[in-house]
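One structure is given here, and the rest of the page talks about it.
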Amino acid sequence: MSATSPVPEHRAKVSEREARQVAEAAREQDWRKPSFAKELFLGRFRLDLIHPHPMPPDQDAQRGEEFLAKLRDFCETKIDSARIEREAQIPDEVINGLKELGALGMKIDTKYGGLGLTQVYYNKALALVGSASPAIGALLSAHQSIGVPQPLKIFGTQEQKDAFLPRCARTDITAFLLTEPDVGSDPARMAMAAVPDGDEYVLDGVKLWTTNGVVADLLVVMARVPKSEGHKGGITAFVVEAASEGVTVENRNAFMGLRGLENGVTRFHQVRVPAANRIGPEGAGLKIALTTLNTGRLSLPAMCVGAGKWCLKIAREWSGAREQWGRPVAYHEAVGAKISFIAATTFALEAVVDLSSQMADEDRNDIRIEAALAKLYGSEMGCLMADELVQIRGGRGFETAASLKARGERAVPAEQVLRDLRINRIFEGSTEIMHLLIAREAVDAHLKVAGDLIDPDKSLSDKAKAGARAGGFYARWLPKLVAGPGQLPRSYAEFHPAGHADLSGHLRYVERNARKLARSTFYAMSRWQGKMETKQGFLGRVVDIGAELFAMSAACVRAELLRTTEEYGREAYQLADVFCRQSRIRVEELFGRLWTNTDELDRKVVKGVLSGTYTWLESGIVDPSGEGPWIADATPGPTTHENVHRPIR
C-alpha cells in the first residue's frame, strides 16, 4: 500500500464541520464554579481565587506523608531503573510489590480498599516514583488517572464501583483505550463499534497505543454505538475484562523512551460486554473521557516536576565538580544561565502543579483550564530542562548511563530522561491539541455572546439577537480592560515583605498583561471572526502567554506560602523572582509574535511542499524507512496474531 492509498472502506469520512460538532458536544458547556485561568484569559486577575494558597487538611497531609515515606523506601530498595531500561520491562516482582504497597489504589477511596490519597499527594507520589523509573510512573498514572478507577469514581454506578474498585485498588491493572490507528484527537472518525444485542454489546475494532494494555486486567474502551430504536447511540464508554474471548493484544509497541512501558495494539473481535458494564449513558463517552482528564492531566506535569528536581540535582553536583579554564563550569555564565533556568522553572512548575492539585481537592474552583495549562506547560518545560541538562553534561550527557558505568564513571541517565520526557508533549493531548483545547475554553465567553454572529448557518434573526447580546456584554466588559490594579504602584504590597525580593511588581505585570491579552483576543475575533478557529498560530501564542501568566501567579503565591511556613522563604522568593523575570521575557516575545510572524508565509510553503513544488530540495539523500503503509489496516475481524497479553499475578 502506498502513501496515497485510499482510506479503508470501514473508516467513516467525516467533514471538518462534523468533527468540530462532535468535539463541541463533548465539551462541558457550563461554568458552575469560578476559574482563575478562565478569568485570566478574560482580563480579570482574580488573585483571591488562589491566594492565600489553599492547604490540605492535617489528616490528609499526615496520611500522604506516611505513604510517601513507604514509597521512597520502596523506590530506593526495590526499583532498579537501569534494569528496566536494559530489559525494556518492569519486573513482575516490582509490580507485585507496588500492589502490596497499595500504590494501585492511591486515589481510590478507603472503603473500596484504596489509600484515599488527595490529588496533591497522589501527584507527589507520581513525582517520586517517576524519578526512580518514568516507566513505573506511567504505569501507575495510566491505571489511576485515566484508567478504570477515575471514570467510575465520577460516572460509575454504585454496583460498578462495588464490583470493580476493590480489584483496581489492590490486584488489577487497568488501561484506557481511545486511540485507533487512524484516529487520534479527532474522535468523530472512531471506527470501533459496539452493537447492542439484548443485554449485551458486541465490540469490534482495533485500538492503538494502549498504555498498560499489554498487562491490563480491566480496560476502559471507547466505542461507537449505532443509533437504532431504543438506542441513542454515539461514542460510549465500557469496562471490559481484558481476558474476554475475542480480545487480543497483537503487539507490544517499542518507543524511543519509556522502554518499560507496556503499551500495545489491542483487537476486539465479537467481544461481548454486559450492558451493566457501560459507564454512563450511550453517547457520553467523550464527555466522560474529557471530564476524567480534567484532573487526570495533572499526573504528567507532576512527573515533570520530579524530572526537574533530578535535573537540578545532577546539574548542581556535576557543574560544581567539573572544572574548565580554572574554575567550576557552573561559574561560566553560559552554563550558569542554564542552571538558573532549571532551578527557577522547577520551582514554578511545582507551584503550578501543587496549586492546581490543591484546587482540585477542594473542588471550589473549576480547574479544567488550569489542569490543561499545567499539562501543556509542564511537558514543554520538562523537555527543555532535560535538554539543558544534556547540554551541561556535554558528551557525557549524550552517552548512556550503561556506557558511563562501563568506563568507570557515575552512571547518570541524562539522555534517557530526555528520551523519556519527550512523549509528554504528545501523551494525553499533544501540545498542538492542548493549544486548541485551551483556546476554545479561553474564548468561550465570547462565543456564548457573539458566536451566532459569526456562524454562517444562523438566520438573520438569530444574528440580530446575538448582536444585541454582544453589544450589552462588550459595553460592560471592554471598559474594564483599560485600567486596573496593575497600574497602581502599591498594589499587592503583601508580596514585598522586608528583606525579600519584590514579587508585587510581577503580580502587577500579570494583571496588566491579562488585560492586554484579553484585548488582543477581542481584536483578533473582531478581525477574523469565523476564521478565528483557523488561526492556530495566533491561538497557540495566546495560550502560551496565559500559561506564563498562570505560572508567574502560582510561583508568587507559593513563595508567599513558603515564606510563612518554611525556613527557606527568602530563597523561595528569590527563585520566584528569577522565574518571573525569565517568564516576562518570554511573554514579551510572544506578544510581539501575535502580530509579527510568518504564519501566512508558512501556509504558502506548506501548500508548496504538499503539491511537490520543493521536491528538488529532497535530492541527495537515501530514505532508510522500511516498506509498508503509513497507517496500518485496522479492518474489524478475527486476529491473525499471537496474543501477547500477559497479566501479572
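Points to keep in mind about this one:
- Label sites at Gln391 and Glu333, each approximated as a point 7 angstrom past Cα along Cα to Cβ, lie 1.6 nm apart.
- From its DSSP helices (H runs of at least four residues, each -39,500 (n - 2.57)), the chain gives a residue-normalised ellipticity at 222 nm of -17000 deg cm²/dmol.
- On the stretch 524-579, 42 percent of the accessible area sits on carbon and sulfur atoms, based on a 1.4 Å probe.
- The stretch 174-318, accessible area per residue, ligands and nucleic acids excluded (1.4 Å, Å²): 33 Å²
- Computed over protein heavy atoms with a 1.4 Å probe, the accessible surface of the stretch 346-413 works out to 34 Å² per residue.
- Partners of Lys480 within straight-line reach, counting aspartates and glutamates whose Cα lies under 19 Å from its Cα and excluding those fewer than 8 residues away in the same chain: Glu39, Asp48, Asp444, Glu511.
- Projecting label points 7 angstrom from Cα along Cα→Cβ for Arg272 and Ala163 puts them 1.5 nm apart.
- Cα gyration tensor shape for the stretch 470-529, rounded if a/c is under 1.5, else prolate or oblate: prolate
- Accessible surface of the stretch 34-180 [probe 1.4 Å, protein heavy atoms]: carbon and sulfur percent: 50 percent
- Accessible surface comparison of Ser403, Ser133, probe 1.4 Å, protein chains only, largest first: the order is Ser403, Ser133.
- Subset of Lys111/Lys313; Lys287/Lys516; Lys124/Lys287; Lys99/Lys161; Lys33/Lys161; Lys107/Lys516 violating a 30 Å alpha-carbon distance limit: Lys111/Lys313; Lys287/Lys516; Lys107/Lys516
- Under 29 Å from Lys607, Cα to Cα: lysines that are on another chain or at least 8 residues apart: Lys13, Lys531, Lys535
- FRET efficiency for Thr613 and Phe398, using Cβ-Cβ distance with R0 set to 51 Å, rounded to 0.05: 0.90
- Qualifying aspartates and glutamates (Cα of each under 15 Å from Cα of Lys338; at least 8 residues distant if same chain): Glu317, Asp387, Glu388
- Here the accessible area of the stretch 270-382 is 55 percent carbon and sulfur, with a 1.4 angstrom probe and all protein chains present.
- Cα shape, the stretch 153-229, gyration tensor, a/c 1.5 rule: oblate
The values are calculated or read from the model by the stated rules, or taken from the named source; none is laboratory data. Since the model is a prediction, treat every value here as computed from it, not as a measurement. Neighbour counts run over all protein chains shown; Cβ positions are idealised from the backbone, glycine included. What goes into the accessible areas is simple: the full protein's heavy atoms, side chains included, and nothing from ligands, DNA or RNA. Shrake-Rupley method; radii C 1.70, N 1.55, O 1.52, S 1.80 Å.
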